[in-house]
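These notes are about the structure you will find just below.
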Amino acid sequence: MQNSGDRGTLSGALSIVSGVLGILSGVALVVFGFIFLKIVSDPSFAPGIEGLPPTFFSAALALYSSIGFVVTLIGILGIVGGIFAVRRKHWSWALAGAIAGSLTFYPCGIAAVIFVCLGKSEFDDVKPPSPPQIREGL
């Protein structure tokens, strides 16, 4: 059964864009953490910095790297949900990807959530509601 609506395609494209931007920002955070460690741990960068314990810089690197890793995973979820939305399969995964996209890039993600919710009937796994059963003899 071919669906004629465009909401699934639009929401999928917005989720994929949000996911790609999430992956890029996650990788940028990890790279920034390593650059921060390299630059700031050099004593010629700032006088008096040699008084800080070396674990301070390692903790900063761990913080930026872990946040970058989580943002990258959220971006991957956004891409997976966008692919499901484009294929109009698994509405719940498409919605999860759109929500993940709203965490990484808010404008595209919120629009994707709206379009996924509006286009719920376009997805294959959503069954139409059955008519109410009329019981006789009550």
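The values are calculated or read from the model by the stated rules, or taken from the named source; none is laboratory data. Here the structure is a predicted model, which means the values were calculated and not measured. Cβ atoms come from the backbone with ideal geometry, glycine included; neighbour counts cover every protein chain shown.
The table below lists the values:
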item: Residue satisfying all of: in the stretch 80-104; of a type outside the set (Gly, Ala, Ser) and under 14 Å from GLY26 (Cα atoms); surrounded by the most Cβ atoms within 10 Å (Cβ to Cβ) among these; result: THR104
item: Number of the exception - GLY137 against (1) at pLDDT 90 or above; (2) on the phi > 0 side of the Ramachandran plot; result: (1)
item: Residue that is under 17 Å from SER18 (Cβ atoms), of a type outside the set (D, E, K, R) and in a helix (DSSP H, G or I), where the choices are ILE67, ILE83; result: ILE83
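This table checks each residue for (1) surrounded by fewer than 15 Cβ atoms within 10 Å (Cβ to Cβ); (2) modelled with pLDDT of 90 or more; (3) β-branched (Val, Ile, Thr).
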site: SER4; (1), (2), (3): yes, no, no
site: SER15; (1), (2), (3): no, yes, no
site: SER41; (1), (2), (3): no, no, no
site: LEU52; (1), (2), (3): yes, no, no
site: PHE56; (1), (2), (3): yes, no, no
site: ILE74; (1), (2), (3): no, yes, yes
